[in-house]
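The structure appears right after this line, and notes come after that.
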Amino acid sequence: MEDYYKGLQRIYFYRVLNQLIKIGKLNDKKVLDFGCGIGKLEQKLGNNVVGYDIKSKYTKINDWTKIDFDIVVVNGVLYAMSEKEIRCFFDLLKKIKPNTELIIAIYKQNWLSNFGKWILNNKTAVDELKTIHQRRIKILREEMNIIVKKNIFFMCDIYLTKFKI
């Protein structure tokens, strides 16, 4: 897994990370970082973050459904999940903790993002794309009440949400 927090692109990715923390008020909460990758959120916030990733070398736990948390962070992970996987994840989470908040960063695959990949020579970004941006947004709007939406550099939208019940 590439470390996106190096080089010039770190400005963008740290901006997203800092906004996730600010919007979700994560400093005072027990956080499940779903799709934690290399664990930058845990590095910034410490022990109140438990990282889960499908890649075993990055995950801190084997079963995210067995831990206690106040909020779930989903930072740029939904693109690597099929529509069915996204809906199953949301359904399971809603069953386990229906009133939890989620803070979700959805990265766009627009012309500006593509230009950024080209200028930064990052040809592998979103190689694992399974669900296009418009479908992820559609699922989000169907499943969630959006409390806050914040755009970062026209390339990422951050949503603070709760499940529709």
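The values are calculated or read from the model by the stated rules, or taken from the named source; none is laboratory data. Every value quoted in this text rests on a predicted model; they were computed, and no experiment measured them. Positions of Cβ are generated from backbone atoms using ideal geometry, with glycine treated the same way; all protein chains shown enter the neighbour counts.
Which of the residues that make up segment 60-78 are in contact (Cβ under 8 Å) with a residue 12 or more places away in the chain and part of a loop (DSSP other than H, G, I, E, B)?
As a first pass, look at segment 60-78 and keep what is in contact (Cβ under 8 Å) with a residue 12 or more places away in the chain: 60, 64-65, 67-78.
If the condition is that a residue be in contact (Cβ under 8 Å) with a residue 12 or more places away in the chain and part of a loop (DSSP other than H, G, I, E, B), then LYS60, ILE67, ASP68, PHE69, ASP70, GLY76, VAL77 are the ones that fit.
In segment 13-40, what count of residues is obtained for those that are of a type in the set (Ser, Thr, Tyr) and in contact with a Leu (Cβ under 9 Å, 6 or more places away or on another chain)?
0
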* Structure fact -> Given the conditions (1) of a type in the set (D, E, K, R); (2) under 19 Å from ARG136 (Cα atoms); (3) not in a helix (DSSP H, G or I), every one holds for LYS57 apart from (2)
* Taking VAL74, is it more than 18 Å from PHE163 (Cβ to Cβ), at pLDDT 95 or above and not basic (Lys, Arg)? -> no
* Could you check how many residues of segment 14-61 are surrounded by 15 or more Cβ atoms within 10 Å (Cβ to Cβ), under 19 Å from GLU85 (Cα atoms) and more than 14 Å from the chain's Cα centre (by Cα)? => 1
* All but one of (1) part of a helix (DSSP H, G or I); (2) under 23 Å from HIS133 (Cα atoms) hold for GLY37, so report the exception by its number. => (1)
* Structure fact -> Every listed condition ((1) modelled with pLDDT of 95 or more; (2) more than 19 Å from VAL148 (Cβ to Cβ)) holds for PHE34 save (2)
* Some residue of segment 130-143 being under 19 Å from GLY35 (Cα atoms), of a type outside the set (Gly, Ala, Ser), in contact with a strand residue (DSSP E or B) (Cβ under 6 Å, 6 or more places away or on another chain) and modelled with pLDDT under 95 -> yes
* Structure fact -> Looking across segment 62-89 at residues that are of a type in the set (S, T, N, Q) and surrounded by fewer than 19 Cβ atoms within 10 Å (Cβ to Cβ), the single one that is farthest from ILE21 (Cα to Cα) is SER82
